Each structure stands twice: as structure tokens, then as C-alpha cells.
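Peer 1: After the C-alpha cells below, expect a handful of questions from me.
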């Protein structure tokens, strides 16, 4: 009988050990496809170098799924950050622009943060963008469009692609949850760190207080200097806003230069083989003075603060976004994207160090969608034949520390703003995750909703 009791006690203890709190750190490089990773690696570590991503034992590719707003059965092949982050956050496949809601029917999806909070886990969001921006918003908010960021945006109709967006339908007066900023101010998220101060200085929908005051009334302690975080009681919710909008990027091209178009001589217009082609001058990547001037906190430091505050006996979920890989590619600024990727690599190291020290922590790194930026030859193979040839679109020629010239081309359109692409995006993790049947959940190719399911499974939700 004593032996049986011992066995039972051992089994109970074993189950208790298995039930110990788990943590998930999801790091999203917005627009970080393989081209972006390679460009950053080439510049930061050399063509034969490695990033921290190369050391991770689990790698996959992720399918990005999007549907048509008016016909949710019809697929759309290029996503935006709103619908793709929604899939990562909640497993819901929706149309471009939507935050945490289904296409057409406008039904809310339950997010991983909401599920974690129901299990008394701590939660956090960190971003180099405004925390009202699409990716962080998708983990908390529910609105019919990413443009409904503040009460100011809720009173007007907004045009978005092929549909008209009525933010007013999401106001509290109309039975909605309010703007994204209002939902963040009302949320129970333990840590919110990023930009977007201008949205919180605006009046709430009722107009009786600013959203910053509303957040403080809801239990948030506000800081605008990361050094202040250590003075805030760990049991209190933390709201840190360090820029009016998005945080400045760490790097820029020489004198602020971005990609430019090559030009052909006059003779080229008479015959394809005549004349010459002039490529943009080379540039270097240098420190962005605005990053220094505004005393912008590094993403790794924001993440370190978040981890210190979230670490507890019940577990946590933390989403960290390196937002401006995407934003700077829209602007054809490769140095801005490279500097932002560098911040992501540093942050991954912080997350891995935490996981090694703490244990039972899943670290995942992925992107929400692909982005313009293609590494192209610095000089065409047709040069030897004397044929004037240039890459279409806009090209930046960057002098790298190892002495080469890295040519990056942007050619999704010939307007002022580059667009997303429809490629699979990379996925990395520090460990495998198994489902209830003991099967690997991270296979060679997964879908964005699978990331949500992996998070749920690891956290035991």
C-alpha cells in the first residue's frame, strides 16, 4: 500500500511539474522576408557571416493567408499587416485592413492575449511603431479597419482600397469597443511599450479626459523615459510611449539618401544598344541623427524591461515587433531597414538568453508578410556586351564594411510608395512544440493561424 501511495505521489508531483507556467515570446519582423534578412546579414556580418537567426534549431516557412472582404471564400495573394497580424494573434483569416475581426460579417476573433489573460497569465506588447499600429493592435483590439486609431479617426469615413471604412460603427456610442487607442487604454495588458504618444494625448470618445488620463485611471503607470521603468511597481501595469508616432530608425543612407532610378543617355531612346546608363551613386549606412536626438530606446532594452516585469509563476505571452523593416522599405530606404533588422537580431539574443536562464520559454521569430527589396547585381551581365542595362524601379548601391557594393532594388510600382509582396515568410524557433497526439507542430511549411495554435498549445490554453 505504501508503494502505491508513493507512486501516486510521484505521479502527482510529475504532473505538477509538467503544469508549471510556460512563457511565449513572439518576435515579428514586419516585412522581414528572406531578402531583407540576407541584405541585413550581408551588410552587418558579411556575405559569409551569420545572424543570430542562423543558430536557431527549428526553421520553417509560413504561408500568409488573406481573403476578399466582400467574398471571404475568395483568396487574395498579398496581405497587409492588419490581416496578417490578426492571423498570428488569433488564428483568424480575414481581409486586408481588418484588426481582430472577420471579413464581411465583422465578428471578433479571440486573441492569444485575451486567452492568456483569462488564465491569469501576464501579457505584453513591445513595438518600434506606434502601439496603435496594425501589428500590435491586432493582439488586443477589434475594429473593422487599422485606420481607426484614435477617437479623432472615428468620426469620418475613410477610404481603404476597394471598400469604404466606417470607423463610426466601432464607436462606443454605436455599441463598438472604440478606437484602437481607447481599447489599449482600457486593456488589461501588463506592459505596453512603443510609440504613439500623440494618440494618447487626444480626448476620449466622451471628450471628458485624454486617453492618457483614461489609461492612468485604468491602472497604467505612464513613462516617457525607459529609465523610469525601474521606479514603477512591478505589480502595476506599465505604459511607455517614447515618440509621438513611430520610433525613429537607427540607420539611414548617406545624407538621408534612399534608392533612386538609373538614367539612360539620349541615344538610348533611338536604339536599345546605343548610349550609356548612369546608375545611382554608392552610399553608406550611417547613424540616424533623429534616433540619437530623440534618445530613442533600443528594441532590446524595451524587451528586457518587458521580460523583467512579465516574468512570474503563472507564465506570460509577449509580442515584440521590429516594425520599420517594413516601413523603411515602403520609403525605399534600405539602410533604415538594415538598422531595424539589426535591432531585431539583438532582441532575439535577449529573448534566447532569457529562455536559457528561465527555462520553459518558447521563442518564435517570424514576419507578417513580404516586402519590396530585392538584391540585384551591381552591374548587369550584359555590360560585357556594351548593352546599356539597368534594373527597373529604384536602386540603392550600398558600400558594405567588407568592401563590396550591395545593390538593392525596389520595383513594385513606379509611384512614391513601395508595396508588399506575396511570398512565404520565414519562421524560426528555439525548440519544437508537440500537439496532444505527440506530433511536431512546426513542420517544413505552416500557415499563420498555426503560429496562434502553437502559442496556445505551449501555454496550455
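The values are calculated or read from the model by the stated rules, or taken from the named source; none is laboratory data. All figures in this text were calculated on a predicted structure; none of them were measured in a lab. Here the Cβ positions follow ideal geometry from the backbone for every residue, glycine too, while neighbour counts run over all protein chains shown.
Peer 1: Check region 120-128 and report whether any residue there is under 22 Å from residue 186 (Cα atoms), at pLDDT 95 or above and surrounded by fewer than 19 Cβ atoms within 10 Å (Cβ to Cβ).
Peer 2: Of the residues in region 120-128, the ones under 22 Å from residue 186 (Cα atoms) are 120-128.
With at pLDDT 95 or above added as a condition, the list becomes 120-128.
Filter once more, keeping what is surrounded by fewer than 19 Cβ atoms within 10 Å (Cβ to Cβ): 120.
Yes, because at least one residue in region 120-128 is under 22 Å from residue 186 (Cα atoms), at pLDDT 95 or above and surrounded by fewer than 19 Cβ atoms within 10 Å (Cβ to Cβ).
Peer 1: Moving to a separate point now. Considering only region 316-332, state which residues are surrounded by 24 or more Cβ atoms within 10 Å (Cβ to Cβ) and over 14 Å from residue 302 (Cβ atoms).
Peer 2: Kept after step one, since they are surrounded by 24 or more Cβ atoms within 10 Å (Cβ to Cβ), are these residues of region 316-332: 316-326, 328-329, 332.
Within region 316-332, 316, 317, 325, 326, 328, 329, 332 meet the criteria.
Peer 1: Let me ask something additional. Scan the strands (runs of 3 or more DSSP E) fully inside region 351-461 and keep the ones with 3 or more residues being in contact (Cβ under 8 Å) with a residue 40 or more places away in the chain and over 20 Å from residue 139 (Cβ atoms). Reasoning before the result, please.
Peer 2: On the way: elements: 361-366, 374-376, 394-399, 405-410, 425-429, 445-447.
Those strands (runs of 3 or more DSSP E) span 394-399, 405-410.
Peer 1: Report the residue count in region 18-45 for those that are closer than 17 Å to residue 346 by Cα and touching a residue at least 40 places away in the same chain (Cβ under 8 Å). So that I can check it myself, show each step before the final result.
Peer 2: First, the residues of region 18-45 that are closer than 17 Å to residue 346 by Cα: 25-30, 32, 36-45.
Add one more test, that the residue is touching a residue at least 40 places away in the same chain (Cβ under 8 Å), and what stays is 25-30, 32, 36-40, 42-44.
Within region 18-45, residues that are closer than 17 Å to residue 346 by Cα and touching a residue at least 40 places away in the same chain (Cβ under 8 Å) number 15.
Peer 1: Across region 167-181, what is the number of residues that are farther than 14 Å from residue 155 by Cα and either at pLDDT 95 or above or surrounded by 19 or more Cβ atoms within 10 Å (Cβ to Cβ) (or both)?
Peer 2: Count: 1.
Peer 1: Also, quick follow-up: Of all residues in region 32-51, count the ones that are closer than 15 Å to residue 427 by Cβ and in contact with a strand residue (DSSP E or B) (Cβ under 9 Å, 6 or more places away or on another chain).
Peer 2: Looking only at region 32-51, we keep the residues that are closer than 15 Å to residue 427 by Cβ, and these are 32-34, 36-37, 51.
Pick out the ones that are also in contact with a strand residue (DSSP E or B) (Cβ under 9 Å, 6 or more places away or on another chain) and you get 32-34, 36-37.
Counting residues in region 32-51 that are closer than 15 Å to residue 427 by Cβ and in contact with a strand residue (DSSP E or B) (Cβ under 9 Å, 6 or more places away or on another chain) gives 5.
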